[in-house]
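Only one structure is covered here, and it is reproduced in the block below.
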Amino acid sequence: MLRFWSGGNIARNKAMVEQLQRYGVMSSKKVAEVMETVDRALFVPDGNPPYFDSPMAIGYNATISAPHMHATCLQLLEKNLQPGMHALDVGSGTGYLTACFALMVGAEGRAVGVEHIPELVASSIQNIQKSAAAPLLKDGSLSVHVGDGRLGWPEFAPYDAIHVGAAAPEIPQQLIEQLKPGGRMVIPVGNIFQDLQVVDKNLDGSISIRSETSVRYVPLTSREAQLQG
Ligand SMILES: C[S@@+](CC[C@H](N)C(=O)[O-])C[C@H]1O[C@@H](n2cnc3c(N)ncnc32)[C@H](O)[C@@H]1O
């Protein structure tokens, strides 16, 4: 697993963002601003060093992704997270990225999380309520739903940005269908060997796909399979 720094000695969210900038993971000012605004400590389970650059267990065989992966995905999607746009976060887990998306698209936009473990949906809502994205949850422009994310969330489609936080054996067709022309999806694809794929829907509806980097995510699967480990 790629890791940019170790040790639990980073004590502040801002210092974590500065480390991401120092290591060249983050160049976008907008992404730095949103990651500074949404304190990761509110989303990492108690007892873990919140700013350590590593995924961490959140129960139910799931993890919160590492800060460098959150930064990478936010940067890849930045142009599709402009004010007023629609964003879907599949496998929203702790709700961290959904909260970041919501702050980027603002009250005129829409940020939707879909997670298939009801307990994680409930705790993610509590996390978001403590965060800077709480007003957006209250006004309804941010919502988190229990569901099978492989089916997307048609109610608020089409989406300018889709992030998938778990590795799919192949790109789910429903997610491609729910992507707006001009939209972008970032999705880890593969089983043991996985690539973070960037899927662009062109204005004529055709699809362009490229691989950004090798990654290691938990699988995008059924709830039963995940709970059985
Ligand atoms: C690596 S975790 C990422 C969570 C989130 N991005 C975060 O950082 O907190 C992947 C999440 O995908 C969820 N997941 C896996 N398969 C799913 C499916 N079919 N539908 C919805 N969620 C799914 C898992 O329960 C887990 O919470």
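The values are calculated or read from the model by the stated rules, or taken from the named source; none is laboratory data. Small disclaimer: the values here were computed from a predicted structure and weren't measured. Because the Cβ atoms are built from the backbone with ideal geometry, glycine has one as well, and the counts that use them run over all protein chains shown. These area figures cover heavy atoms from the full protein model, side chains too; ligands, DNA and RNA do not enter into them. Shrake-Rupley method; radii C 1.70, N 1.55, O 1.52, S 1.80 Å.
Listed by first and then second residue, the pairs with beta-carbon distance under 6 Å, at least 6 apart or on different chains, first residue in region 190-203 and outside any strand (DSSP E or B), second modelled with pLDDT of 95 or more, are Leu203/Pro181; Leu203/Gly182. Residues in region 178-189 that are outside any loop (DSSP other than H, G, I, E, B), within 20 Å of the chain's Cα centre (by Cα) and away from the ligand (no atom under 13 Å from the Cβ): Leu179, Lys180, Gly182, Gly183, Arg184, Met185, Val189.
Residues that are among the small types (Gly, Ala, Ser) and more than 20 Å from Arg12 (Cα to Cα) within region 32-79 comprise Ala57, Gly59, Ala62, listed in sequence order. Between Ala132, Ala87, Ala107, Ala41, the distinction of being outside any helix (DSSP H, G or I), in contact with a Phe, Trp or Tyr (Cβ under 8 Å, 6 or more places away or on another chain) and more than 10 Å from the ligand (Cβ to nearest atom) belongs to Ala87 only. Residues in region 162-176 that are of a type outside the set (Gly, Ala, Ser) and either surrounded by fewer than 17 Cβ atoms within 10 Å (Cβ to Cβ) or free of Cβ contacts under 8 Å to residues at least 60 places away in the same chain (or both): Pro169, Glu170, Ile171, Pro172, Gln173, Gln174, Ile176. For the list (1) within 13 Å of the ligand (Cβ to nearest atom); (2) under 16 Å from Ile58 (Cβ atoms); (3) in a helix (DSSP H, G or I), I need the number of the one condition that Gly113 fails. Unmet for Gly113, out of (1) within 13 Å of the ligand (Cβ to nearest atom); (2) under 16 Å from Ile58 (Cβ atoms); (3) in a helix (DSSP H, G or I): (3).
Given the structure, is Val121 in a strand (DSSP E or B) and either within 19 Å of Pro219 (Cα to Cα) or within 16 Å of the ligand (Cβ to nearest atom) (or both)? So Val121 does not fit the description; no. If you filter region 49-81 down to residues that are near the ligand (Cβ under 8 Å from one of its atoms) and assigned to a loop (DSSP other than H, G, I, E, B), you find that the one that is nearest to Ser123 (Cα to Cα) is Tyr60.
Restricted to region 196-229, and to residues there that are under 25 Å from Val121 (Cβ atoms) and of a type in the set (Lys, Arg), the residue that is farthest from the ligand (Cβ to nearest atom) is Arg216. Is it the case that Ala57 is over 19 Å from Lys180 (Cα atoms) and open to solvent by 20 Å² or more (accessible area, probe 1.4 Å)? Considered against the rule, which asks whether it is over 19 Å from Lys180 (Cα atoms) and open to solvent by 20 Å² or more (accessible area, probe 1.4 Å), Ala57 comes out as yes. Can you confirm whether region 148-161 contains a residue that is in a strand (DSSP E or B) and surrounded by fewer than 18 Cβ atoms within 10 Å (Cβ to Cβ)? Looking for residues that are in a strand (DSSP E or B) and surrounded by fewer than 18 Cβ atoms within 10 Å (Cβ to Cβ), one finds none in region 148-161, hence no. Return the total of residues in region 107-140 being of a type in the set (Lys, Arg) and buried (at least 17 other Cβ atoms within 10 Å of the Cβ). Count: 1.
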